[in-house]
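Reviewing the structure listed below.
The values are calculated or read from the model by the stated rules, or taken from the named source; none is laboratory data. Bear in mind the structure is a predicted one, so any value in this text is a computation, not a measurement. Virtual Cβ from ideal backbone geometry, glycine too; neighbours counted across all protein chains shown.
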Amino acid sequence: MSVLSAKQQSLVSELERLISEERNPNTMDIDTLGTAEILRVINREDRSVPDAVEKVIPEIARAVDRIVGAFSKGGRLIYVGAGTSGRLGVLDAAECPPTFSVPPDMVIGLIAGGADALVSATEGAEDVEEEGVAALKRIGLTAKDVVVGLAASGRTPYVRAALAYAKALGATTIALSCNPRSSIARIAEIAILPIVGPEVLTGSTRMKSGTAQKLVLNMLTTASMIRIGKCYQNLMVDLKPTNMKLLARAARIVMQATGCTEEQAQEALNRTDNDVKLAILTTITGMDLEQAKSALAKAGMVLRKAIALAERSDRR
């Protein structure tokens, strides 16, 4: 009969105190249900996630403001996580360059175990504190950056150590956890804690907790990109049209923003080397390409401001 080590006993006690590790009273008989009813139970539980996220919007807003401030000074947004949390961070970071035409190192996702952990379980990697610090050192973390530590449990050693190192360096630190009073929340300057309660399957935090984290990550990057001028109205005007679908989407965006025809949209995109912002600006204002580039630069690359400046200039 094996005996738990003192460290294992301590971890068992720690997990017992986590809401995400509790048994869900609503799913105690889930193993007796048919397929459709299992799915209904999961769906009912999932409905609580957006409400939990809504309650932490003030903290998310603080985080977005700090991210926008960091971007304005040349800083980066860096996600650090393990397992499901780490994969979600890497996914969100990877989607920023094609969606918003930002450099690939502006939003970075770091996961315990490295690239291999994206496709296969390397769960032991989360326990190596030194690797969390080493990962940040490898990318040259500075005080201008924002580090978001992702851990549903809020106790992952890899994440905890990374946040502590980032804080000591003077970087902005944000914790995203689904447990109150988590250890990473105590380290970070801003703690985002959507409390979604026990999972459908005890401890399977890839479910409600993972969904909550994904919703928050969507908000962090999307709101930050909106704030720095990556959209016009509700259109993604800084996307990179790198394939046939995105080329078609770029044309539709120009049409939706300006009311022009598809042929006119394609002509504008051809004229601006598929730059959606410039295509819209030249179509709305009648500027030539160099005038439009200058106007955008003066407006801080914010399309709405560039259009307003052109309209004011026309009225003079």
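When Ala36 is tested against the conditions (1) of a type outside the set (D, E, K, R); (2) part of a helix (DSSP H, G or I); (3) under 25 Å from Thr222 (Cβ atoms), the lone failure is (3).
Take the residues of segment 149-169 that are of a type in the set (Lys, Arg) and assigned to a helix (DSSP H, G or I): which is nearest to Ala82 (Cα to Cα)? Only one residue fits best here, namely Arg160.
Please go through segment 133-157 and give me each residue that is under 23 Å from Arg206 (Cα atoms) and either at pLDDT 95 or above or hydrophobic (A, V, I, L, M, F, W, C) (or both), ordered by number.
Residues satisfying the conditions are Val147, Val148, Gly149, Leu150, Ala151, Ala152.
Comparison of Met301, Met287 shows that the only residue that is in contact (Cβ under 8 Å) with a residue 60 or more places away in the chain and in a loop (DSSP other than H, G, I, E, B) is Met301.
Would segment 115-131 turn up any residue that is of a type outside the set (S, T, N, Q), at pLDDT 90 or above and surrounded by 15 or more Cβ atoms within 10 Å (Cβ to Cβ)? So far as segment 115-131 goes, yes, one or more of its residues are of a type outside the set (S, T, N, Q), at pLDDT 90 or above and surrounded by 15 or more Cβ atoms within 10 Å (Cβ to Cβ).
Among the candidates Phe71, Phe100, the residue that is at pLDDT below 95 and surrounded by 16 or more Cβ atoms within 10 Å (Cβ to Cβ) is uniquely Phe100.
Scanning segment 41-55 for residues that are in contact (Cβ under 8 Å) with a residue 60 or more places away in the chain and either acidic (Asp, Glu) or closer than 14 Å to Thr211 by Cβ (or both), we see that the one that is surrounded by the fewest Cβ atoms within 10 Å (Cβ to Cβ) is Pro50. Remark: Val237 falls outside the filter, which requires a residue to be closer than 27 Å to Pro58 by Cβ, touching a residue at least 60 places away in the same chain (Cβ under 8 Å) and buried (at least 21 other Cβ atoms within 10 Å of the Cβ).
Is there a residue in segment 206-224 that is farther than 21 Å from Val49 by Cβ, not hydroxyl-bearing (Ser, Thr, Tyr) and not assigned by TED's automatic domain parsing to the domain that holds Arg304? Checked segment 206-224: no residue is farther than 21 Å from Val49 by Cβ, not hydroxyl-bearing (Ser, Thr, Tyr) and not assigned by TED's automatic domain parsing to the domain that holds Arg304.
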